[in-house]
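Novice: Quick one: the structure is below, and I'll ask about it shortly.
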Amino acid sequence: MSSYYETLFSDARRSGRSESIGADLAATAFLDGKPERKGKSKITATERHAVFWSASFLHGLPKEAWTQESLVLALAHYLGQDHFAFPSIVSHIATLAPEAVQRAARYGGLVLRQDSPRWKEVASLADTHPANFGEYVQIFGIFKQAQMVRVAEVEQMNQQLANLTPLELLAYASLYAFEHLIPGLLEGGQALGEPDVEEAWNAIEDIFAWKLATCDPASLQMNDHTIGTSLGKHLSPFLFPSLDGLPPRNDLYSAFSTLVDAQVELNSFVTRSAEALCYDDTIRFVMLGERLEIAVTDATGIADWQRDGDKLTRLHQYWLYRGMAALMKSPDTLAMVGPEHLEANLQAFAKAMGTWQQLQEVYGVADHVQTEAGSKVDVFRALLATELMTAFFIEDFLRPYQEYLGQFGDPWLALGRLAFGGLMQVEMQNRLPITWSDKAAKIATITPWTASTDYPHGQAQAAEAILDFWTSDWIALAEQLRRGDVGLRPRLHERPMLKMGCHLFQLPWMVAVQNNATAAVNNLRRLGARRGDARDETRRIEQRLAALFAQRGFQVLVSYELPSLSADANDVEEIDLLCARDGRLLVLEIKSTYLRRSVKEAWTHRHVTLRKAGLQLQRKVTAVSRALEHGGLLHQALALEADCMPEIAAWIVDTSIESDHQRFHGFLKVSLEEVLIALRDDRHLLNDPDGLFQTGNASSKSFVRDSDRAAFTSLYPSGFSAKRFVEAIESATVWNINDGKSVQ
């Protein structure tokens, strides 16, 4: 192992390559975690750092070598950990290429880790290299002070709510949501002077995480008595004020509201300032007197980020239209739609159908997946259940609340009237801002939604599996957080059934307005990335995309292993898709991940997954070209003529939208959905052809067949060809929408 990186560098130099290329090869191997083992023992990250940074060739590299992305990222890895120290390398690089150290310190997240010994190595450069690091270290100091102030404010407010149980905190969160968040959403936007809904939700999630990490474990063992006592003290006095009863705890509610504001401010500082400093290369922070200003360095990059967001919005619309069409072509499914709240239920079914198609075609999900509890859940039924819950909470909670709020002008009076109305119904429905039931009762509620031809009344076992799929066990999550385990934690919308003891709690104010498609994707692909089903799903993504190419007349090879004739065959992984037609060959590298929400997550995806994908594709294209030069097996497999050398196009095809239409090691990255839409030639569905989203609500007039819609412009007016398909993808024509709005 001690000579591994030295050997890579030396071999490159002997083959006539420059020092920069040799260093790039060694740094790339380091970033890819190579070598993985020393004999039978797995090499630790600390051991790998020690070997790489002690390589003698590093000290003789020219400045241009250190400005390469691979070397900067390698240095960022060093600065991002605290277990291995080699301060002389930081000082050495700072002398040659100070901008490389500055970038690496940002990428290593040191602005939020200024207690790290690695930051002390960088901060010391202000004394030895003041021209390059004096202001840089000063900027970091300003960030540290700003962070400390915001953290202190959050901690101070946390203490005022320290004695509340998680359920009691949920009560105040629900009151807050109905006062500050829901009115704006009901009016189709953000109310004047109120916080951004997404930012407030994120803050509330962080507050719950703090509470779960610090609460008495016994407070999570809920029963009917403890639920009644807690809500009777902290919720009922707001909704049902009485001279003889307990007064509302306005002090605690005010403290919670202030805590949300403080947490929003802290989170905003982290995501919009600190993480922007670390991971957003389109801007930079500069000192202007004694204050910081943001200077735009890449306006094109900012526009690209905004366009990617617009594309994601259009894709959500696309899948709803696909769901509507599928629903209208499925009489059996249509027959399941109940007459009550017909329009809302039709939308619920259409949304579930659209998300189900997306999960199948884009993410390779099977009809049934295994939950963490070990049960097998029918994915479509799980999607339908959550969409019907959303429809129920909209119709039976939010719409009446909106009416009462307009009538009384007071959120507590409106909530009290809503709750009282539920109690007055024959079956005494719970219309409190928090709903709950034991698992058996919830199964009974969901069972009718699992009805089928074989089980006209539904299956309790299927309903239980649906609950398992959407449940977040707060007792287990609290234990994880108390251990200091920084692993994944479910976001509220990803698993909206909150389990405490034998009871399941739901938040109508969240379930009614959440994006269930994103929740489902991230439930499976983010939280469930290590499921046993995940590997099979990756295979199905390739197979289903291959089937679409085959329908368009391509000769397709899936997960192809190169013939042994290729000199690179032993060093190249199997090729995900090879598609040949009309003298053209597509070499596709498929990547399947989840939906991200931050600049940091997008940066990590770009510099880890997509960077590596570009390198993989580089090796594979070289190996494919050499295999084709030999003729024989690969020609036969692709049904190519013996003397045909096809024109090769190679793409990274990714389930995420980040870094769309950018290049990695020279190869174009496109979204899998763009490829799918181009093959189906239905890009008109990206353009909201029925105007469903102009008002933000789908209406019953939307449920029409594709054949009844206005004509659309095909990508292939003269007929499909491989040449035109490649041009459509590489020029982003899919996103050039017919109404003239382009998100290319």
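The values are calculated or read from the model by the stated rules, or taken from the named source; none is laboratory data. All figures in this text were calculated on a predicted structure; none of them were measured in a lab. We place every Cβ from the backbone using ideal geometry, glycine too, and count neighbours over all the protein chains shown.
Novice: G33 versus (1) part of a helix (DSSP H, G or I); (2) under 30 Å from the mean Cα position of the chain (by Cα); (3) small (G, A, S): which is the lone unmet condition?
Specialist: (1)
Novice: Which of the residues that make up region 185-243 are surrounded by 14 or more Cβ atoms within 10 Å (Cβ to Cβ), of a type in the set (V, I, T) and closer than 22 Å to R150 by Cβ?
Specialist: Result: V197, I204, I207.
Novice: So for region 614-630 (the condition being of a type outside the set (D, E), touching a Pro at 6+ places or on another chain (Cβ under 6 Å) and in a helix (DSSP H, G or I)), does at least one residue qualify?
Specialist: Checked against the condition, which is being of a type outside the set (D, E), touching a Pro at 6+ places or on another chain (Cβ under 6 Å) and in a helix (DSSP H, G or I), region 614-630 yields at least one hit.
Novice: Given (1) assigned to a helix (DSSP H, G or I); (2) under 27 Å from the mean Cα position of the chain (by Cα), identify the lone condition not met by G484.
Specialist: (1)
For every residue, the table says whether it meets (1) in the same structural domain as T229 (by TED's automatic domain parsing); (2) hydroxyl-bearing (S, T, Y); (3) within 29 Å of the chain's Cα centre (by Cα).
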site: F140; (1), (2), (3): no, no, yes
site: K144; (1), (2), (3): no, no, yes
site: Q147; (1), (2), (3): no, no, yes
site: T165; (1), (2), (3): yes, yes, no
site: L170; (1), (2), (3): yes, no, yes
site: L175; (1), (2), (3): yes, no, yes
site: L181; (1), (2), (3): yes, no, yes
site: L185; (1), (2), (3): yes, no, yes
site: P195; (1), (2), (3): yes, no, yes
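Novice: Continuing with the same structure: Is it the case, given these coordinates, that L320 is in contact with a Gly (Cβ under 7 Å, 6 or more places away or on another chain) and either in contact (Cβ under 8 Å) with a residue 40 or more places away in the chain or assigned to a helix (DSSP H, G or I) (or both)?
Specialist: yes
Novice: If you go through region 57-81, how many residues are out of contact with any Ser or Thr (no Cβ under 6 Å at 6 or more places or on another chain), crowded, with 21+ Cβ neighbours inside 10 Å and closer than 13 Å to L96 by Cβ?
Specialist: Number of matching residues: 5.
Novice: Can you find, within region 519-542, the residue that is modelled with the highest pLDDT among those that are buried (at least 19 other Cβ atoms within 10 Å of the Cβ) and β-branched (V, I, T)?
Specialist: That would be I541.
Novice: For region 303-316, state whether one or more residues are under 30 Å from A451 (Cβ atoms) and either surrounded by 14 or more Cβ atoms within 10 Å (Cβ to Cβ) or charged (D, E, K, R) (or both).
Specialist: yes
Novice: On the basis of being of a type in the set (A, V, I, L, M, F, W, C), farther than 16 Å from L220 by Cβ and assigned to a loop (DSSP other than H, G, I, E, B), does V513 make the cut?
Specialist: Considered against the rule, which asks whether it is of a type in the set (A, V, I, L, M, F, W, C), farther than 16 Å from L220 by Cβ and assigned to a loop (DSSP other than H, G, I, E, B), V513 comes out as yes.
Novice: Looking at R103 and the list (1) under 23 Å from Q68 (Cβ atoms); (2) without any contact (Cβ under 8 Å) to a residue 12 or more places away in the chain; (3) of a type in the set (K, R), which single condition is not satisfied?
Specialist: Unmet for R103, out of (1) under 23 Å from Q68 (Cβ atoms); (2) without any contact (Cβ under 8 Å) to a residue 12 or more places away in the chain; (3) of a type in the set (K, R): (2).
Novice: Looking only at region 339-348, decide whether some residue is buried (at least 17 other Cβ atoms within 10 Å of the Cβ), under 25 Å from H684 (Cα atoms), out of contact with any Asp or Glu (no Cβ under 8 Å at 6 or more places or on another chain) and among the small types (G, A, S).
Specialist: no
Novice: When you scan region 386-396, do you find a residue that is under 24 Å from H234 (Cβ atoms), charged (D, E, K, R) and either in contact with a helix residue (DSSP H, G or I) (Cβ under 6 Å, 6 or more places away or on another chain) or modelled with pLDDT of 95 or more (or both), even just one? Give the steps one after another, and end with the answer.
Specialist: In the first step, residues of region 386-396 are kept if they are under 24 Å from H234 (Cβ atoms); the result is 393, 396.
Imposing the further condition that a residue be charged (D, E, K, R) reduces the set to 396.
Of the ones still in play, those that are also either in contact with a helix residue (DSSP H, G or I) (Cβ under 6 Å, 6 or more places away or on another chain) or modelled with pLDDT of 95 or more (or both) are none.
No: zero hits.
Novice: Could you please let me know if Q156 is outside the structural domain of I434 (by TED's automatic domain parsing), surrounded by 15 or more Cβ atoms within 10 Å (Cβ to Cβ) and assigned to a helix (DSSP H, G or I)? Break it down stepwise before answering.
Specialist: Working: outside the structural domain of I434 (by TED's automatic domain parsing): yes; surrounded by 15 or more Cβ atoms within 10 Å (Cβ to Cβ): no; assigned to a helix (DSSP H, G or I): yes.
So Q156 fails the test.
Novice: What about L477, is it crowded, with 20+ Cβ neighbours inside 10 Å and either among the polar types (S, T, N, Q) or in a strand (DSSP E or B) (or both)? Before the answer, list the steps.
Specialist: On the way: crowded, with 20+ Cβ neighbours inside 10 Å: yes; either among the polar types (S, T, N, Q) or in a strand (DSSP E or B) (or both): no.
Here the answer is no, as L477 does not meet what is asked.
Novice: Here's another thing I want to ask about it. Return the only residue of T333, T355 being assigned to a helix (DSSP H, G or I) and surrounded by fewer than 18 Cβ atoms within 10 Å (Cβ to Cβ).
Specialist: Just a single option satisfies the conditions, and that option is T333.
Novice: Okay, moving on. What are the residue pairs meeting all of these: first residue in region 197-209, first residue touching a residue at least 24 places away in the same chain (Cβ under 8 Å), second residue acidic (D, E) and not in a helix (DSSP H, G or I), Cβ atoms under 9 Å, and 6 or more apart or on different chains?
Specialist: That search, which allows pairs on different chains as well, returns A200/E194.
Novice: Could you tell me whether any residue of region 256-270 is within 21 Å of Y172 (Cβ to Cβ), more than 29 Å from the chain's Cα centre (by Cα), crowded, with 20+ Cβ neighbours inside 10 Å and modelled with pLDDT of 95 or more? Walk me through it before giving the result.
Specialist: Initial filter on region 256-270 (within 21 Å of Y172 (Cβ to Cβ)): 256-267.
So of that shortlist, the ones also more than 29 Å from the chain's Cα centre (by Cα) come out as none.
Scanning region 256-270 turns up no residue that is within 21 Å of Y172 (Cβ to Cβ), more than 29 Å from the chain's Cα centre (by Cα), crowded, with 20+ Cβ neighbours inside 10 Å and modelled with pLDDT of 95 or more.
Novice: Separate question: If you check I294 against the conditions, is it over 21 Å from H605 (Cβ atoms), at pLDDT below 95 and out of contact with any Asp or Glu (no Cβ under 6 Å at 6 or more places or on another chain)?
Specialist: yes
Table: residues versus (1) in the same structural domain as L175 (by TED's automatic domain parsing); (2) without any contact (Cβ under 8 Å) to a residue 12 or more places away in the chain; (3) of a type in the set (S, T, N, Q).
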{"residue": "N430", "(1), (2), (3)": "yes, yes, yes"}
{"residue": "D454", "(1), (2), (3)": "yes, yes, no"}
{"residue": "A462", "(1), (2), (3)": "yes, no, no"}
{"residue": "D473", "(1), (2), (3)": "yes, no, no"}
{"residue": "A478", "(1), (2), (3)": "yes, no, no"}
{"residue": "R482", "(1), (2), (3)": "yes, no, no"}
{"residue": "R495", "(1), (2), (3)": "yes, no, no"}
{"residue": "V511", "(1), (2), (3)": "yes, no, no"}
{"residue": "N522", "(1), (2), (3)": "yes, no, yes"}
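Novice: Ok, one more. Determine whether E194 is modelled with pLDDT under 95, outside any helix (DSSP H, G or I), closer than 27 Å to R272 by Cα and of a type in the set (D, E).
Specialist: yes
Novice: Please list, ordered by first then second residue, the pairs with beta carbon atoms under 6 Å, 6 or more apart or interchain, first in region 608-630 and within 23 Å of E658 (Cα to Cα), second charged (D, E, K, R).
Specialist: Here the result reads T609/K591; L610/K669; A613/E589; A613/K591; Q616/E589; L617/E589, each pair linking region 608-630 to a residue that is charged (D, E, K, R).
Novice: Scanning for something acidic (D, E), within 30 Å of L672 (Cβ to Cβ), in contact (Cβ under 8 Å) with a residue 24 or more places away in the chain and not assigned by TED's automatic domain parsing to the domain that holds V670, does region 372-382 turn up at least one residue?
Specialist: yes
Listed here are the residues, each with its yes/no results for (1) buried (at least 20 other Cβ atoms within 10 Å of the Cβ); (2) within 24 Å of E589 (Cβ to Cβ); (3) at pLDDT 95 or above.
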| residue | (1), (2), (3) |
| --- | --- |
| V513 | no, no, no |
| R544 | no, yes, yes |
| Q555 | no, yes, yes |
| N570 | no, yes, no |
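Novice: Of everything in region 431-474, what is surrounded by fewer than 15 Cβ atoms within 10 Å (Cβ to Cβ) and assigned to a loop (DSSP other than H, G, I, E, B)? Give them in sequence order.
Specialist: S452, T453, D454, Y455, P456, H457
Novice: Sticking with this one: Condition check: closer than 30 Å to D261 by Cα and either at pLDDT below 95 or acidic (D, E) (or both). Does E99 satisfy that? Quick ask: steps written out before the conclusion?
Specialist: Values: closer than 30 Å to D261 by Cα: no; either at pLDDT below 95 or acidic (D, E) (or both): yes.
So E99 fails the test.
Novice: Is it the case that region 412-419 has a residue that's over 22 Å from H341 (Cα atoms) and not in a helix (DSSP H, G or I)?
Specialist: So far as region 412-419 goes, no, none of its residues is over 22 Å from H341 (Cα atoms) and not in a helix (DSSP H, G or I).
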